[in-house]
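Readers should treat all values here as calculations from the given coordinates under stated rules, not as data from a laboratory. Owing to the predicted nature of the structure, the values given are computational and were not obtained by experimental measurement. FYI the Cβ positions are ideal-geometry reconstructions off the backbone, even for glycines, and counts take in every protein chain you see.
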Amino acid sequence: VGQANALAAPVRPLHLVLDNLRSAENVGAIFRAAEAARCEHIHLCGFSPGPPDARVLKTALGAAEYVAHSHSPSTMVAIRKLQREGIAVWACETIDGAPLHWDVLHPRPLALVLGNESIGVDTQVLDACDMVVQIPCFGVKNVRCR
């Protein structure tokens, strides 16, 4: 597509909320995916690392320059603000009974909460979200996959 065409593509009304992610490399990879998908904003919450962390920037390969982002001391503060702005907030978590994300109609705008690599999305955050959906993951080296 080329850089000029990619930057001309409209930003999508999708926010990503990172709930206390530990790995700077994972955050950098999320920046790359968010830039490619033209996400509107990444909300780095709690102890989630973000720019200017050198490990985030190295893994992001420049994508952090093109994705709006901010830090919030708490995921609850971030999701309550998004909800007040009229943005639906969905948690992505592997819990029994949660529908697969492709089986439900996605509202616009939408914020997806992504949880900590070891413990997932905090239970208080899950309760505050408008919905919980599952994104299937078929990996043998990922403890968060079912």
Legend entry - Neighbour cut-off at most 14 other Cβ (10 Å), DSSP loop, GluC sites (Glu not before Pro), segment 1-92: Glu85
Legend entry - Equivalent ellipsoid semi-axes, the chain, via Cα gyration tensor eigenvalues times 5, rooted, Å: 23, 18, 16
Inset, instruction - Find, among the trypsin sites (Lys or Arg not before Pro) in segment 36-126, those assigned to loop by DSSP (not H, G, I, E, B) with at most 16 other beta-carbon atoms within 10 angstrom. - result: Arg38
Inset, instruction - Name the most mobile residue of Ser72, Ser118, Ser23, meaning the one with the largest mean-square fluctuation, in a Gaussian network model of the chain with Cα contacts below 10 Å. - result: Ser118
Legend entry - Among Gly120, Gly28, Gly62: highest mean-square fluctuation, GNM of the chain, C-alpha pairs under 10 Å: Gly62
Legend entry - Stretchable slack from Arg80 to Leu61, in nm (0.36 nm times residue separation minus alpha-carbon distance): 3.8 nm
Legend entry - Cα gyration tensor shape of segment 73-112, rounded if a/c is under 1.5, else prolate or oblate by comparing a/b with b/c: oblate
Legend entry - Label point at Gln124 placed 7 Å out along Cα→Cβ; residues across segment 62-99 whose backbone nitrogen lies under 13 Å: 73-80
Inset, instruction - Pairs of Cα atoms under 8 Å, at least six residues apart: use those to get the relative contact order of segment 53-113, whole percent. - result: 31 percent
Inset, instruction - Considering only DSSP beta bridges where both residues belong to the chain, give the percentage that are antiparallel (nearest 5). - result: 5 percent
Inset, instruction - Quote the FRET efficiency, to the nearest 0.05, computed for Arg32 versus Leu100 with a Förster distance R0 of 25 Å and r equal to the Cβ-Cβ distance. - result: 0.55
